[in-house]
1. Of LEU127, LEU116, LEU94, LEU103, which residue is closer than 26 Å to LYS61 by Cβ and at pLDDT 95 or above?
2. Looking at this structure, is GLY64 touching an Asp or Glu at 6+ places or on another chain (Cβ under 8 Å), surrounded by 14 or more Cβ atoms within 10 Å (Cβ to Cβ), under 21 Å from LEU120 (Cβ atoms) and at pLDDT below 95?
3. Would a scan of segment 110-118 turn up a residue that is more than 22 Å from GLU36 (Cβ to Cβ), free of Cβ contacts under 8 Å to residues at least 24 places away in the same chain, hydroxyl-bearing (Ser, Thr, Tyr) and out of contact with any Phe, Trp or Tyr (no Cβ under 8 Å at 6 or more places or on another chain)?
Amino acid sequence: MFHDVFGHLPVLCDNDYASFVYKVGLLGKKYSFSPECVDLIERFYWYSIEFGLVKENGEIKIFGAGIISSYGETNRIVKDSSVEIKEFNLAEILYLPFDKSSLQPIYYVAGSFKELYLALDELTFILEKTLEKEKVLVM
């Protein structure tokens, strides 16, 4: 409950961000029959909505609910200069497994929220290509 109230609710008050999260949910519903597509959507969600960072006025800001609701994650990003923070790269995050049971070894920072929102179009394209490959394998 703490995670949802303090991690997700504050950023969901922004209409653009709430629409973004809603659209990710619609993708999950649309592609729920494909385990491979679900994995891709889950990784996108993990490295953005749960553990995402964004640049705002040249500074890295935390917006991921998994970071906001975790003292350990937040403290690590703010105080540990050795933490690995990489530029947001959709092609990379979609194929990068994650571990829910430990602090994250890597975080991705989007250049802006707009960049993150636009990534949904690219994600949709990749999901469609994934389905095409699955159809070929079934035949």
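1. Values: LEU127 fails: closer than 26 Å to LYS61 by Cβ; LEU116 fails: at pLDDT 95 or above; LEU103 fails: at pLDDT 95 or above.
Just one listed residue meets the conditions, LEU94.
2. Working: touching an Asp or Glu at 6+ places or on another chain (Cβ under 8 Å): yes; surrounded by 14 or more Cβ atoms within 10 Å (Cβ to Cβ): yes; under 21 Å from LEU120 (Cβ atoms): yes; at pLDDT below 95: yes.
For GLY64, the condition - touching an Asp or Glu at 6+ places or on another chain (Cβ under 8 Å), surrounded by 14 or more Cβ atoms within 10 Å (Cβ to Cβ), under 21 Å from LEU120 (Cβ atoms) and at pLDDT below 95 - is met.
3. Pass one, segment 110-118, residues more than 22 Å from GLU36 (Cβ to Cβ): 110-118.
In the following step, the residues that additionally are free of Cβ contacts under 8 Å to residues at least 24 places away in the same chain were identified as 114, 118.
Next cut, hydroxyl-bearing (Ser, Thr, Tyr) only: none.
Within segment 110-118 (the criterion being more than 22 Å from GLU36 (Cβ to Cβ), free of Cβ contacts under 8 Å to residues at least 24 places away in the same chain, hydroxyl-bearing (Ser, Thr, Tyr) and out of contact with any Phe, Trp or Tyr (no Cβ under 8 Å at 6 or more places or on another chain)), the answer is no, since none of the residues qualifies.
The values are calculated or read from the model by the stated rules, or taken from the named source; none is laboratory data. The structure displayed is predicted, hence computed values, not measured ones. Methodologically, a virtual Cβ is constructed for each residue, glycine included, from the backbone with ideal geometry; neighbour enumeration extends over all protein chains shown.
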